[in-house]
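Worksheet for the structure shown next.
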Amino acid sequence: MADERRERKVDENALVCPECGSTDISVEPETSELICNKCGNIIHEDLVDYGPEWRAFDSDQRNRRARTGGPISMMKPNKGLTTEIDLSNKDSRGVKIAVKNQATLSRMRKWHKRISMASSHERNIATALQELEKIVDRLQLPRSVAEKAAYIYKEAVRRHLIRGRLIESVVAAVVYAVCRKEGIPKTLEDIVQITNTDKKDIGRAYRFIKRELNLKVPFASPEIYIPRFASNLQLSEEVQERAKEIVRAAMANGMLSGRGPTGIAAAALYIAALEKGERKTQKEVAEEAHVTEVTIRNRYRELKELLGLRDLE
């Protein structure tokens with residue numbers, strides 16, 4: 001009978017019997033005891049089960065029976081630590097609220113929303129987070145970028161660094177800073193295109209926030225842009241690897257100082273494509289990298305002279 005009751009086996013690597021050294025240990029469900037199946041020693045009593053005491057067979061049932069909210073998120077104005085009035089128009093038992101009472105409930109929602117964002121700082125953050133959500137969605141950035149960008153923006157608001165600046169510009173600048181920190185190949189031009197914000201405003205906001213918050217933003221290596229540019233230009237893996245070799249050689253010779261990483265990456269790809277017989281025009285490469293043809297020509301000439309490459313044009 002005792003063996004029949006010991007239904008759940010314990011991970012053999014998790015526990016060892018102190019008496020006989022056996023890892024054949026199971027749980028006695030009725031008494032919540034850990035018992036060694038070899039010598040019968042009771043290893044632990046009164047185990048606590050931290051799981052739910054209810055069962056759910058689908059996600060909807062799980063959500064209804066759960067008694068806690070979602071995880072804390074920086075993407076919510078108050079990190080999600082607040083009460084909300086549900087939009088389902090149902091009471092706690094799931095019964096639909098009468099139509100005559102729904103207008104009152106709607107007014108309660110409106111005033112609850114106003115009260116929860118009473119200060120100008122709270123309204124500022126709510127507007128900024130909506131803009132941040134839009135940028136992250138359109139650029140298809142990971143959720144971690146959104147969380148980190150939201151944290152930096154809230155810190156800037158707390159230190160009164162947003163005053164006199166457009167919310168859209170600061171949000172765009174913060175997203176760009178996080179992309180740089182995480183090594184994500186998104187250029188300032190990518191962000192400008194989806195925000196309709198002036199590039200100079202974003203640049204000024206980026207430099208200001210970076211300085212005032214002492215953000216450690218590493219220099220963007222041209223190498224991180226090569227896979228993206230090469231893929232969009234339909235260049236082979238062989239061309240990509242050769243372009244990376246050119247960039248590494250240029251970095252080793254100190255070429256990056258004072259030059260944009262996207263221009264160097266584009267020029268390296270242009271050279272690699274010429275070497276491998278997959279020719280692309282300077283215009284095609286420049287349009288993909290959001291730089292001018294003059295930049296491509298200048299970086300091409302500098303790379304050729306610095307690395308001793310033969311003229312392929």
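The values are calculated or read from the model by the stated rules, or taken from the named source; none is laboratory data. A quick note: this is a predicted structure, and the numbers were derived from the prediction, not measured. Neighbour counts run over all protein chains shown; Cβ positions are idealised from the backbone, glycine included.
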Residues in segment 38-56: is at least one among the small types (Gly, Ala, Ser), at pLDDT below 80 and more than 30 Å from Leu15 (Cβ to Cβ)? no
Can you work out which of the residues in segment 173-210 that are in contact with a Ser or Thr (Cβ under 7 Å, 6 or more places away or on another chain) and in contact (Cβ under 8 Å) with a residue 40 or more places away in the chain is farthest from Phe229 (Cα to Cα)? Ala205
Please work out which one of (1) under 28 Å from the mean Cα position of the chain (by Cα); (2) within 22 Å of Arg180 (Cα to Cα); (3) exposed (fewer than 14 other Cβ atoms within 10 Å of the Cβ) is the condition His290 fails and give its number. (3)
Would you mind telling me which numbered condition in (1) in a helix (DSSP H, G or I); (2) under 30 Å from Lys280 (Cβ atoms); (3) in contact with a helix residue (DSSP H, G or I) (Cβ under 7 Å, 6 or more places away or on another chain); (4) modelled with pLDDT under 90 Pro185 fails? (1)
For the structure I just gave you, tell me whether Leu233 is assigned by TED's automatic domain parsing to the domain that holds Ala286, surrounded by fewer than 18 Cβ atoms within 10 Å (Cβ to Cβ) and under 28 Å from the mean Cα position of the chain (by Cα). no
Consider Glu278 carefully, then state whether it is assigned by TED's automatic domain parsing to the domain that holds Leu303 and in a helix (DSSP H, G or I). no
So Ser236 passes all but one of these: (1) modelled with pLDDT under 90; (2) at negative phi; (3) not charged (D, E, K, R). Which condition number does it fail? (1)
Of residues in segment 264-284 being within 14 Å of Ser236 (Cβ to Cβ) and among the aliphatic types (A, V, I, L, M), the one nearest to the chain's Cα centre (by Cα): Leu269
So, Lys90, is that one at pLDDT 65 or above and surrounded by 10 or more Cβ atoms within 10 Å (Cβ to Cβ) or not? yes
Hits in segment 203-218 - residues which are within 19 Å of Tyr151 (Cβ to Cβ) and either among the aliphatic types (A, V, I, L, M) or surrounded by 15 or more Cβ atoms within 10 Å (Cβ to Cβ) (or both): Ala205, Tyr206, Phe208, Ile209, Lys210, Leu213, Leu215, Val217
